[in-house]
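Step one of this worksheet: look at the structure below.
None of the figures in this text is laboratory data; all of them are computed from the coordinates on show. All of these numbers come straight from a predicted model, not from anything done at the bench. Virtual Cβ from ideal backbone geometry, glycine too; neighbours counted across all protein chains shown.
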Amino acid sequence: MTRFPLGTRPTTLSVTLLLAALLTLGAAAIHFAVTPPHLREYLPFGAFFIVVACAQVMLAVELLVRPSRRLALGMAIGSAGLVGLWFVSRTVGLPIGPQPWTPEETGLTDVVCNLLEIISTLLFVILAIHPPCRRPHRLWRIALTSLPTTLLVSGMTAVAVAAELSPMPEAVNFAPSRPGATVSVADLTGPPAGAEHVDRFTLVARPSQIDGQTEWTLNGSVPGPELRVTQGDRVQVTLQNELPESTTLHWHGLRIPNAEDGVAGLTQDAVPPGQSYTYDFVATDAGTYWYHSHQQTERQLTKGLFGALVVEPAGGRVAEDVDDVVLLHGEPGHVRINGEHQTLHLAAQPGQTVRLRLIDAVAPSMDGGPETPVLIGAPARVVALDGHDLNAPPSLGPTRLPLGMGQRADVVFTMPSAGSVELRLAELRGQTTAVQNTIATLFPGDQQPSAFVSLGDGAAPDLPDLNAAPLFDATQYGRSTSDPLASGPFDVERQIVLGERGGIRDGATQLVHTIDGQASPNVPPLEVSEGQRVHLHIVNDTDEFHPMHLHGHVFHLLATDGQPISGSPVLLDSVLVGPRQTVDVAFVADNPGIWMFHCHVLLHAGMGMMMTINYSGVYSPYEMGTRSRNIPE
Ligand code: C2O
Ligand code: CU
């Protein structure tokens, strides 16, 4: 009997052997890819990676050609050692290097690499215990069994190597100095102090323990203190940084001089730990605003660096008897209100008028969906959006008011003669689905009762089906008045297409979020000159929500889905663009500088949905990227 028919031959090549060698080669490829940045950062680390990568290639070949128990055992110890080293560097940090005993950040590349090494360690151990026997294997069987793994390993290696080869840029300047650009954003400060009243605040950014958790706080609380000033006041805020990393503060929605805008890498360098920085501006617009870090915004804002900023109208207090901020934050399903996890109770007497200043600072999940508060127990008027008054706002029954992240709404009502009023959170997309209901029944523990606001004492109002309440429509609310920006001609017109695609950016695989097909920092800026009238036609080419926020300006909402607005003029700094929706806005370029325009879903902005509006003649001396460590998103 022929045991070895033509085309097969006895071989020592076993599947285990082949896989172990393949995984080692994959890890070696990744180590080669990470060598250049490490060489730049710290020479010994770079050298170490070269040595490891070369050793891995040689040993993998050796293992294929001359497999032995000793070699397998040695490689098992070696790769286990590498995994151990990685683990230490990511938890307590290594005793040597540019920052001894500081844990490094974990990225996709090193996770993939260590996964390969952990599996290969196991295979080496198997090989050491059961060395490849001389039992014949047909080559086609070996090929077939190892094919899926080969594909997987090469795929993972390719992604990890590609990620490593497209890291976050070292240095990007959004508005480089060039001939003709003579004004630096650093010089675009306001006029010197005059006779106006000055409000001074000090905000200390530091980690604090809140409910047994470390949060990043301003003056020890999350949210930071509510800053209340009067229109026309000069506001001077000193940010004192006691965090382990650099930070800034941005005054969301306020039209202030560019140099005070607080964007790391664009209008200033982030304030390093231990240092302080003073912002100085005049609060020209009355209304509801907020402030937050604009350095590594996605992380720092979520960690707690934000607060409310209220500008009361000049010449007297707000007309209502009760005037309270309702700052929504946290995450969808775990929304907190003014720091409270459950109920926020506000005092109000029957017959009193109440103004609630709603601010949505909830960090949405990937779909970017808004929060949709509903007021129950009293008819209410939406008197302002993003701080700007609406004209002749009528009273509404329970209505879902969608607020994209960053947006604000002022709601005014009169307390009923008996009973309390509640502000609850509904869903935007209507009724809960059968699947959601089933999940809720199967996992009742996950049903976190969402936080809400109650006002006044007495019996709670009857709760209607919140998700069936009508949706507020800003395009036909209130009375229209002439709006000089409502129609053309415009000096600058641009279509802004919001898109997304899978890809690799900043050293990681991402759902890259694009503007006009490009991700930040490659989106071409919108170039304007002072005094120009600018029209933006925003097209949302995704199934997500994008609250698009423009710094330093106010835009007038002209139309949604091509339908011109028919009610009160709507002035916003953040416009919520729904899935597949188009929105037209216009603004006057009346505040020279280099200004950010980005999606306020911080995940989206961090994945590229950010661009700048550049005034001609202005440049920025600041840069973002790994060199300056300014990372505005
Ligand atoms: Cu609320 Cu660019 O920020
Ligand atoms: Cu978005």
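Couple of notes before you dig in:
- Dipole axis of the chain (+1 Lys, Arg; -1 Asp, Glu on Cβ), positive-most option in V382, L485, H38: H38
- Under the convention that each Lys and Arg Cβ holds +1 and each Asp and Glu Cβ holds -1, the size of the dipole of the chain around its Cα centre is about 3460 debye.
- More than 15 Å apart - percent of Cα-Cα pairs taken over region 119-192: 79 percent
- Sites D516 and E41, calculated FRET efficiency, Cβ-Cβ separation with R0 35 Å, nearest 0.05: 0.55
- Between region 212-279 and region 578-633, the C-alpha centres lie 18 angstrom from each other.
- ³J(HN,Hα) computed for each position of region 394-406 - Karplus, 6.51 cos²θ - 1.76 cosθ + 1.60, integer Hz, glycine/proline x: x, 6, 10, x, x, 9, 7, 10, x, 10, x, 4, x
- Euclidean distance between Cα centres, region 159-179 to region 289-329, Å: 33 Å
- The distance separating the Cα centre of region 85-144 from that of region 508-531 comes to 39 Å.
- The chain, relative contact order in percent, only Cα pairs under 8 angstrom and at least six apart counted: 14 percent
- Region 287-328: relative contact order in percent, alpha carbon pairs under 8 Å with at least 6 residues between: 40 percent
- Cα Rg over Rh - region 13-164, Kirkwood: 1.01
- For S184, distant residues with modelled amide H under 5 Å away: Y619
- Derived from the Cα gyration tensor, the three semi-axes of the equivalent ellipsoid of the chain are 53, 29, 24 Å, largest first.
- Region 483-616, dipole about Cα centre (Lys/Arg Cβ +1, Asp/Glu Cβ -1), debye to the nearest 20: 200 debye
- About its Cα centre, region 120-229 has a charge dipole of approximately 1120 debye under the convention of +1 per Lys or Arg Cβ and -1 per Asp or Glu Cβ, with nothing else charged.
- Amide hydrogen proximity for T267: with H placed 1.01 Å from N in the peptide plane, no residue at 5 or more positions away or on another chain lies under 5 Å.
- Overall form of region 483-616 per C-alpha gyration tensor (a/c, 1.5; a/b vs b/c): oblate
- Membrane-span-like helices of the chain, defined as complete DSSP H segments with a Cα extent of 27 Å or more along the helix axis and a mean Kyte hydropathy of at least -1.0, are identified as 15-41, 43-65, 69-91, 108-129, 139-165.
- Positive-end residue, region 483-616 charge dipole about Cα centroid, Cβ charges, pick of I504, F597, H551: I504
- Structural descriptor for region 483-616: relative contact order 31 percent, calculated from alpha carbon pairs under 8 angstrom and at least 6 residues apart.
- Positive-end ranking of P131, N467, T121 along the dipole of the chain, with charges on Cβ about the Cα centre, is headed by P131.
- Calculated FRET value between E245 and R429, using beta carbons and R₀ = 35 Å, to 0.05: 0.40
- Couplings 3J(HN,Hα) for region 297-314, derived from phi with the Karplus relation 6.51 cos²θ - 1.76 cosθ + 1.60 (θ = phi - 60°), are 3, 4, 7, 6, 5, 5, 6, x, 8, 7, x, 8, 9, 10, 10, 6, x, 4 Hz, where x marks Gly and Pro.
- 3J(HN,Hα) along region 558-573, derived from phi through the Karplus expression 6.51 cos²θ - 1.76 cosθ + 1.60 where θ = phi - 60°, amounts to 9, 7, 10, 6, x, 8, x, 6, 10, x, 4, x, 10, 10, 9, 10 Hz, with x in place of Gly and Pro.
- Long-range HN-HN contacts of Q510 with modeled amide H, under 5 Å: G503, I504, R505
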